[in-house]
1. Which count do you get for residues in segment 53-76 that are over 22 Å from residue 104 (Cβ atoms) and basic (Lys, Arg)?
2. Condition first: at pLDDT 85 or above, of a type outside the set (A, V, I, L, M), open to solvent by less than 10 Å² (accessible area, probe 1.4 Å) and not in a loop (DSSP other than H, G, I, E, B). Can you find one or more residues in segment 103-110 that meet it?
3. Among the residues of segment 64-90, count how many are in a strand (DSSP E or B), touching a Phe, Trp or Tyr at 6+ places or on another chain (Cβ under 7 Å) and farther than 15 Å from residue 52 by Cβ.
4. Given the criterion touching a residue at least 12 places away in the same chain (Cβ under 8 Å), in contact with an Asp or Glu (Cβ under 9 Å, 6 or more places away or on another chain) and either assigned to a helix (DSSP H, G or I) or of a type in the set (Gly, Ala, Ser) (or both), identify the matching residue among 34, 55.
5. Hey, among the residues in segment 69-86 that are charged (D, E, K, R) and in contact (Cβ under 8 Å) with a residue 40 or more places away in the chain, which one's surrounded by the fewest Cβ atoms within 10 Å (Cβ to Cβ)?
6. What residue, of 89, 27, is in contact with an Asp or Glu (Cβ under 7 Å, 6 or more places away or on another chain), open to solvent by 40 Å² or more (accessible area, probe 1.4 Å) and farther than 21 Å from residue 140 by Cβ?
7. Sort out which residues of segment 8-24 are in contact (Cβ under 8 Å) with a residue 24 or more places away in the chain, open to solvent by less than 90 Å² (accessible area, probe 1.4 Å) and of a type outside the set (Gly, Ala, Ser), and write them in order of number.
8. When the residues of segment 111-120 are narrowed to those that are assigned to a loop (DSSP other than H, G, I, E, B) and surrounded by 14 or more Cβ atoms within 10 Å (Cβ to Cβ), which ends up modelled with the lowest pLDDT?
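The values are calculated or read from the model by the stated rules, or taken from the named source; none is laboratory data. What you see is a predicted model; the values in this text were computed from it and never measured. Note that each Cβ is placed from the backbone with ideal geometry, even for glycine, and that neighbours are counted across all protein chains shown. Surface areas here come from the heavy atoms of the whole protein model, side chains and all, with no ligands, DNA or RNA. Shrake-Rupley method; radii C 1.70, N 1.55, O 1.52, S 1.80 Å.
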Amino acid sequence: RSMVSVAEEQSIEISEDLSFLIDRSLNDEVRLIKSIAASPVLADALKTKNYEIAKEHLKAVYRSINKENFTIFILDANGIARADAHFENTDGLDLSARSYYKESIVGKTVITDPIFSMGPESSDTPIMIVSTPITDNGVYLGVAAMVFNPDFMMEILSHNYAGDTSYSYIINPEGLIL
């Protein structure tokens, strides 16, 4: 075998390992938001418009997860923020134009590419959002979403070293480098 074919095989193996680690992390986030969205407390809060109960529930979940740089929030059926576990000033924020809302309100669980926050306490730091519908007996009531920092992907990439001239990139389905 030539040196080139050995290097190509090693590159493919490293890429597959990195992809597995990132997929596993993202799947953990999906499982978590689906579990949160399944809470009858959130469905009841959206049906009764008693968002304080939802906010207290999300705060309790937030404390139990104990992650930095993230929050959990819910949107009503119109894409309006109604409860947030961490940020107080997001109530009433219209997020109906966001793609994660549009996809989740019709039944999909979504992980966004890195985006910039629209909240009043937003920064220049990109975030990622995982979202999923909140339903009651098949009726879509709203969306549960969790914000997380995409830096974990860079952390995974930075710990894998294939040589002095190798670089790892994450490319989305549209071919854009994330």
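1. Restricting attention to segment 53-76, the residues satisfying the condition of being over 22 Å from residue 104 (Cβ atoms) are 56, 60, 63-64, 66, 68.
Add one more test, that the residue is basic (Lys, Arg), and what stays is 63.
Residues flagged as over 22 Å from residue 104 (Cβ atoms) and basic (Lys, Arg) within segment 53-76 amount to 1.
2. Step one: filter segment 103-110 for residues at pLDDT 85 or above, giving 103-110.
Pick out the ones that are also of a type outside the set (A, V, I, L, M) and you get 103-104, 107-109.
Filter again for open to solvent by less than 10 Å² (accessible area, probe 1.4 Å), leaving 104.
From what is left, the residues that are not in a loop (DSSP other than H, G, I, E, B) are 104.
Within segment 103-110 (the criterion being at pLDDT 85 or above, of a type outside the set (A, V, I, L, M), open to solvent by less than 10 Å² (accessible area, probe 1.4 Å) and not in a loop (DSSP other than H, G, I, E, B)), the answer is yes, since at least one residue qualifies.
3. Taking segment 64-90 first, the residues in a strand (DSSP E or B) are 71-76, 80-84.
Retained after the next criterion (residues that are touching a Phe, Trp or Tyr at 6+ places or on another chain (Cβ under 7 Å)): 71-72, 75, 81-84.
Going one step further and asking which of them are farther than 15 Å from residue 52 by Cβ, we end up with 71-72, 75.
Looking only at that region, the number is 3.
4. 55
5. Selected residue: 76.
6. Values: 27 fails: in contact with an Asp or Glu (Cβ under 7 Å, 6 or more places away or on another chain).
Among 89, 27, only 89 is in contact with an Asp or Glu (Cβ under 7 Å, 6 or more places away or on another chain), open to solvent by 40 Å² or more (accessible area, probe 1.4 Å) and farther than 21 Å from residue 140 by Cβ.
7. Keep residues of segment 8-24 that are in contact (Cβ under 8 Å) with a residue 24 or more places away in the chain, which gives 10-11, 14-15, 17-18, 21-22.
From what is left, the residues that are open to solvent by less than 90 Å² (accessible area, probe 1.4 Å) are 11, 14-15, 17-18, 21-22.
Result: 14, 17, 18, 21, 22.
8. Taking segment 111-120 and keeping what is assigned to a loop (DSSP other than H, G, I, E, B), we get 112-114, 116-120.
Retained after the next criterion (residues that are surrounded by 14 or more Cβ atoms within 10 Å (Cβ to Cβ)): 112-114, 117, 119.
Working: 112: 90, 113: 84, 114: 80, 117: 73, 119: 62.
Only one residue fits best here, namely 119.
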